[in-house]
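Peer 1: Quick one: structure below, then a few questions.
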Amino acid sequence: MSIKENLENIKKELPKDVTLVAVSKTKPNEDILEAYDAGQRVFGENKVQEMTQKWEALPKDIEWHMIGHVQRNKVKYMAPFVRLIHGVDTLKLLKEIEKQAKKNNRVINCLLQIHIAKEETKFGMDKEEVHELLASESFKEMKHVKIVGLMGMATFTDNEERVKSEFEYLKQLFDTTKNEFPTSQKLDFTILSMGMSGDYKIAIECGSNMVRIGSSIFGARN
């Protein structure tokens, strides 16, 4: 099946309020353009350098999302254009995003990444760390970042019950945090980014409104 057909099939299944991030990491520009020509505008990359090269070469109405782990020294390269950073997992990283966003005279939308998986290899914050960050003076002083929700990755397993319980936990944390911290210019919990090619249907059942799908659109990773 072509990229266009894959996209159409996935979009037919997605509820209207769910945003599809097409994960284009390692994929050539031709593949991204094929998806673009089929109407896809939101793409996700996990390496800043690769995303920056693609941003320079491809149509400017593409929304680029950084979905991978972010090294602080790379933030400056994507600060001029990135639309959403999914993987904010420390206050230090958020401070760097604030600094680089200010230099570019823009506000960068961010999601806080929550560690929900049983695997130690995954990055992310816990409930207490989220609370500390959002209540901190440092965050209150920021003017160039906006926290718009949470992101998490479930354990890579065939055990659907476990995946479901991890997603349910993240949805619960999303709801309680949203209720606890009032909406403001720098905080507006509207996005819950969870679910990838293997588990996005479970994620949507659990309340996700943004899914990150790569191999089901573009085929296996290169």
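Peer 1: Which whole-number percent is the relative contact order of the range 3-218 (Cα, under 8 Å, 6+ apart)?
Peer 2: The normalised contact order for the range 3-218 reaches 20 percent.
Peer 1: Most fluctuating residue of Leu93, Leu192, Leu112 in a GNM of the chain with Cα springs under 10 Å: which is it?
Peer 2: In the Gaussian network model the winner is Leu93.
Peer 1: Hey, another quick one. Say R0 is 35 Å: what FRET efficiency, to the nearest 0.05, do Glu56 and Ser184 get from their beta-carbon distance?
Peer 2: Efficiency, from the Cβ-Cβ distance: 0.55.
Peer 1: Let me ask you something else. Based on other C-beta atoms within 10 Å, arrange Cys110, Cys206 from fewest to most.
Peer 2: Least to most surrounded, the residues fall as Cys206, Cys110.
Peer 1: With Rg/Rh (Cα atoms, Kirkwood Rh) defined as stated, name the option among (1) 0.93; (2) 0.95; (3) 1.04 computed from the structure displayed.
Peer 2: Given (1) 0.93; (2) 0.95; (3) 1.04, the calculated one carries the label (2).
Peer 1: What spacing in nm lies between the two simple spin-label points modelled at Lys11 and Arg106, each 7 Å away from Cα in the Cβ direction?
Peer 2: 2.4 nm
Peer 1: Just rank Leu91, Leu84, fewest to most, by other beta-carbon atoms within 10 angstrom.
Peer 2: Leu91, Leu84
Peer 1: Suppose only helical runs count, i.e. DSSP H with n ≥ 4. What mean residue ellipticity at 222 nm does that imply for the chain under -39500 (n - 2.57) per run, divided by all residues and rounded to the nearest 500 deg cm²/dmol?
Peer 2: -12000 deg cm²/dmol
Peer 1: If you don't mind, another one. Taking every DSSP beta bridge with both residues inside the chain, roughly what % is antiparallel (nearest 5)?
Peer 2: About 5 percent, rounded to the nearest 5.
Peer 1: Just to be sure I understand: if I project the alpha-carbon convex hull of the range 87-165 onto a plane and average over all orientations, what area do I get in nm²?
Peer 2: Average projection, Cα convex hull of the range 87-165: 5.7 nm².
Peer 1: In nm, give the distance between the simple-model label positions of Asp37 and Glu119, each being 7 Å from the Cα along the Cα-to-Cβ direction.
Peer 2: 3.5 nm
None of the figures in this text is laboratory data; all of them are computed from the coordinates on show. Small disclaimer: the values here were computed from a predicted structure and weren't measured. Quick reminder, even Gly has a Cβ in these numbers, built from the backbone with ideal geometry, and neighbours come from all protein chains shown.
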